[in-house]
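Structure, as structure tokens:
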Amino acid sequence: MQQDIICVAQAIQRAERILIITGAGLSADSGLPTYRGLGGLYNGLTAEGLPIEAALSGPMLQRDPALCWKYLAQLGEACLGASPNAGHAAIAELQRRKPGCWVLTQNIDGYHRQAGSPVERLIEIHGELAPLFCQSCGAEDSDLAAHLKKPLPPRCARCGGVLRPPVVLFEEMLPEDAIGRLYDQVHQGFDVVIAVGTTASFPYIVEPVAEARRSGGFTVEVNPQRTDISRWVDVHLAGRASDVLPELLGHIPGH
Ligand SMILES: [Zn+2]
């Protein structure tokens, strides 16, 4: 693996444009449960006998906001109760050293921003948990932690409407602006694409990797397990993101 890490570090050093795609595996190193999209907190059904995908869906938020919020609150508690790890920090530092380095994340925990990744080079494709906003009047409310201590669903201080986080719930569309920014960058091309802790076979994860391969870019996967994309990438670094990324950074000179 040491040889592979040096090989990847050299590719990063030579590269101008880099895309790092991150998934649940990165935040799992912070102690967060690995959820597929928003699900996967549960292997079976919720206490109400529903698949988690139904409980955490856009239609459920409208039909039974208290039930949807019961599970949003569990996600919120998990994210507020943990913090970014050495992997997030290494990514933010790499972005500082490499001004052409972008991050595309499936995670909704906001840890990339907390670790110092610049928002103008960060695409949160599934949205984020904060700030909450009112579905009726649009007012923003940034105190998720305070609302989680009160009866659910949280209500708007201005109009009493139900608040929600700017996450993509099941059966909801991905945010158009995030998709637009992603494909704009993918069309400009990347010299190196690194997938970290993602098992997803979503097209917006697979396509940037496939596009880099087509255009002669260098592709890397960081994941303890093998995934759908393992057989396509140039190098698979089998390890935890919070171990592998700081080690990788150690081989890339700072300024
Ligand atoms: Zn309101």
Computed, not fitted: 222 nm per-residue ellipticity of the chain from DSSP H runs ≥ 4 (each -39500 (n - 2.57)), nearest 500, equal to -11500 deg cm²/dmol
Nearest 10, in degrees from 0 to 90: the angle of helix 203-214 to the longest Cα principal axis of the chain is 10
So the angle from the long Cα axis of helix 86-97 to the longest Cα principal axis of the chain, reported in degrees to the nearest 10, equals 60
Listed residues D234, D29, D143; largest mean-square fluctuation, Gaussian network over the chain with Cα springs below 10 Å, found at D143
Cα gyration tensor of the range 59-164 diagonalised, 5x eigenvalues square-rooted, in angstrom largest first, produces semi-axes 30, 14, 12
Relative to the chain, whose Cα atoms define the longest principal axis, helix 65-80 and its Cα axis are tilted in degrees, nearest 10, by 40
Cα convex hull volume per residue for the chain, in Å³, equals 123
Once amide hydrogens are built 1.01 Å from N within the peptide plane, the residues lying 5 or more places from V222 or on another chain with amide H under 5 Å from its amide H are A195, V196, G197, L237
If each K or R counts +1 and each D or E counts -1, the residues other than A15 whose Cβ falls under 9 Å of its Cβ total +1
Relative contact order of the chain (C-alpha contacts under 8 Å, at least 6 apart) in percent is 26
Taking GluC sites (Glu not before Pro) in a DSSP loop with at most 13 other Cβ atoms within 10 angstrom as exposed, one finds the longest site-free stretch of the chain at 49-170
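Values quoted throughout were computed directly from the atomic coordinates according to the rules given, and no laboratory measurement underlies them. Here the structure is a predicted model, which is why all the values come from computation and not from measurement. Ideal geometry is used to build each Cβ from the backbone, glycine not excepted, and the neighbour counts take in all protein chains shown.
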